Amino acid sequence: VLDSDLIIISPGISDSIQIIQNCISKDIPIISEIEFASWFTTSPILALTGSNGKTTTVNLLHEMCLSYGKNSLLGGNVGIPFSENVLWEIKSEMDDAVHVLELSSFQLEHIHSFSPEIAGLLNISEDHMDRYKDIYEYSSNKIKLTKNMDDAGLVIYNADDPILEKEFHNHAHSQIFSMQMQNYQKSHFKLNASKIYSGSSDNPDILFQLDETKLKGNHNLQNILAAATMAHTFGISSKAIRDAITNFTPI
């Protein structure tokens, strides 16, 4: 390993183990599989991280893209490696793919140039404290998702999460989602007791009625708002978003 030109580290491996410390001391570049795969695609990437609800949200976003006719490739922490999807994209000569990725903090530790077109941040709560010294180190690795994004990229974040709100409140290229009425002026999609809609409450453009989805509970409403906001900013139609939500079977 110490003779390597480049190391792609498994997300399950901590930097603290001795062999990795030896690699660092020898200045051997260490990257994640997510970073490596991104070198071989120019297709748009919609990437999501968060402590809870990631899998439901990315599956929902993937279905929204498919419903709109996109060649959506779902991968990352959700099961299929990003690199496997990129290889399939290359071998099949697919020229209109979109990569939808669920990413963990472990997968984001060793990104260097990886930059999604849209980055979604769902929530931050204490997790993996056997790996990180505190929640701030954990959250900083989550937030690495956005570190290489230029003016063309957009950050979608949960304004109800205090860590994310503090980090991205003044971010120039961001869009919020929220379940709190005080944030509705800045949110594209809004929530009331019976529906999710856009526009004003006096003249709402109804996305769907809450009783039309099998996704129940406040946590799933947060997941829906995240996926719908990411899809909308990517140009997916309201009809495709609605169809995906009303046809979605919970994970």
Assigned charges on the beta-carbon of Lys, Arg, Asp, Glu; the chain dipole about Cα centre (debye): 680
In nm, spacing of pseudo-spin labels at residue 211 and residue 179 (7 Å Cα→C-beta vector): 2.1
Links that overshoot a 28 Å alpha carbon limit, given the list 26/166; 190/214; 91/144; 142/186; 26/147: 26/166; 91/144
Positive minus negative residues near residue 248 (Lys, Arg vs Asp, Glu; Cβ under 11 Å): -1
Global geometry of segment 133-251, whether rounded, prolate or oblate, following the gyration tensor of its Cα atoms and the 1.5 cut on a/c: prolate
Helix 54-67 axis, angle to the chain major axis (alpha carbon atoms, nearest 10°): 70
Cα gyration tensor shape for segment 1-142, rounded if a/c is under 1.5, else prolate or oblate: oblate
Helix 82-91 vs. the chain, principal-axis angle (Cα, 0 to 90°, nearest 10): 90
Whole-number accessible area per residue in Å² for segment 116-186, which is evaluated in the context of all protein chains at 1.4 Å: 53
The chain - mean residue ellipticity at 222 nm from DSSP helices (-39,500 (n - 2.57) per run, n ≥ 4, rounded to 500): -9500 deg cm²/dmol
Apportionment of accessible area to carbon and sulfur, segment 1-143, percent (1.4 Å): 49
Cα centroid separation - segment 130-196 against segment 69-113, whole Å: 22
The chain: Cα Rg divided by the 2.2 N^0.38 Å rule of thumb: 1.04
Cα-based shape type of segment 184-248, given that a ≥ b ≥ c are square roots of the gyration tensor eigenvalues and the cut on a/c is 1.5: rounded
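The values are calculated or read from the model by the stated rules, or taken from the named source; none is laboratory data. In this text, all values refer to a predicted model and were calculated from it rather than measured experimentally. Cβ atoms come from the backbone with ideal geometry, glycine included; neighbour counts cover every protein chain shown. The area values use the complete protein model at the heavy-atom level, side chains included, leaving out ligands, DNA and RNA. Shrake-Rupley method; radii C 1.70, N 1.55, O 1.52, S 1.80 Å.
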